[in-house]
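Comments concern the structure below.
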């Protein structure tokens, strides 16, 4: 959705899609705006875990339990006990655990075939989640929320799906929160201390695995230390994603800078920042 700041100011229903790496301030922006007007906060990662990957998450947990706690197998099979996936906006641990890290199984890694299978499931789940936006905007309006925020995951740019981006642009204003150099450094530092599961495009992952194996004189992916690989690949992933974010913003949306966003203390200041981007 391309429009002027003046038109945006007078919209009865303001719909935003927030684009950018995890940690640039998307949720911060959403919380600031919640202080002015009624906003429906749509978390893409929550929807992925609660709706589209729920069965796969539970299935993987059951399989792991059966492998490690044999006496529970019969109880699970005859439904004497059951499992639940308690994913929340603030606790996406089950989604991360399912996505996993590639590498040595003895160090908590996943075999490459299983890892890529889960990556493909996550990608399709994210596509479905983004295509749900129009219906959720309608539902939020019916519930009395005039405004809507799509707090999308950092991997949205990896979909390379123009249909998804067009749907989002038709129903919302896409705002790319561009990380400053200081912000980028902070993101890399966080990945070094807290390496977490991530989504990678298949071609990018294959190319980076080849480089990593060669650099570390390894033969098999199963020899890779999962956490060390995440630490190594994250700066490369960041550089891989930045031009993708910029391309989406150039074609479908607008850009605001993370440093400017961090200076905002309330909804009015966020709106001023958005108005500046639209002009």
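Counting only helices (runs of 4 or more DSSP H) that fall entirely inside region 84-156 and contain at least 3 residues that are in contact with a strand residue (DSSP E or B) (Cβ under 9 Å, 6 or more places away or on another chain) and either on the phi < 0 side of the Ramachandran plot or crowded, with 16+ Cβ neighbours inside 10 Å (or both), the qualifying elements are 112-131, 133-142.
Residue pairs whose Cβ atoms lie under 6 Å apart, separated by 6 or more positions or on different chains, with the first residue in region 228-257 and more than 24 Å from residue 273 (Cα to Cα) and the second at pLDDT below 95, do not occur.
Let's see how each residue does on (1) under 23 Å from residue 150 (Cβ atoms); (2) in a loop (DSSP other than H, G, I, E, B):
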position: 170; (1), (2): yes, no
position: 199; (1), (2): yes, yes
position: 213; (1), (2): no, no
position: 219; (1), (2): no, yes
position: 222; (1), (2): no, no
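Within region 32-53, the set of residues being at pLDDT below 90 and in contact with a helix residue (DSSP H, G or I) (Cβ under 6 Å, 6 or more places away or on another chain) comprises 35, 36. The set of residues from region 243-256 being buried (at least 16 other Cβ atoms within 10 Å of the Cβ) and either modelled with pLDDT under 95 or in contact with a strand residue (DSSP E or B) (Cβ under 9 Å, 6 or more places away or on another chain) (or both) comprises 245, 248, 249, 252, 253, 254, 255, 256. For region 88-114, filtering for residues that are within 19 Å of residue 203 (Cα to Cα) and more than 17 Å from the chain's Cα centre (by Cα) leaves 7. Test residue 176 against the stated conditions and say whether it is under 14 Å from the mean Cα position of the chain (by Cα), assigned to a loop (DSSP other than H, G, I, E, B), buried (at least 20 other Cβ atoms within 10 Å of the Cβ) and at pLDDT 95 or above. It is false that residue 176 is under 14 Å from the mean Cα position of the chain (by Cα), assigned to a loop (DSSP other than H, G, I, E, B), buried (at least 20 other Cβ atoms within 10 Å of the Cβ) and at pLDDT 95 or above.
For the structure I just gave you, tell me whether residue 8 is buried (at least 16 other Cβ atoms within 10 Å of the Cβ), more than 16 Å from the chain's Cα centre (by Cα) and in a strand (DSSP E or B). Considered against the rule, which asks whether it is buried (at least 16 other Cβ atoms within 10 Å of the Cβ), more than 16 Å from the chain's Cα centre (by Cα) and in a strand (DSSP E or B), residue 8 comes out as no.
Here's the yes/no breakdown for (1) over 27 Å from residue 34 (Cβ atoms); (2) over 21 Å from the mean Cα position of the chain (by Cα); (3) exposed (fewer than 14 other Cβ atoms within 10 Å of the Cβ):
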| residue | (1), (2), (3) |
| --- | --- |
| 189 | yes, no, yes |
| 208 | yes, no, no |
| 218 | yes, yes, no |
| 222 | yes, yes, no |
| 225 | yes, yes, no |
| 239 | yes, no, yes |
| 258 | no, no, no |
| 264 | no, yes, no |
| 276 | no, yes, yes |
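Exactly one residue out of 32, 58 is surrounded by 12 or more Cβ atoms within 10 Å (Cβ to Cβ), more than 15 Å from the chain's Cα centre (by Cα) and without any contact (Cβ under 8 Å) to a residue 40 or more places away in the chain: that is 58.
The values are calculated or read from the model by the stated rules, or taken from the named source; none is laboratory data. None of the values given here were measured: they were computed from a predicted structure. Neighbour counts are summed over all protein chains in view; Cβ atoms, including those assigned to glycine, are modelled from backbone coordinates with ideal geometry.
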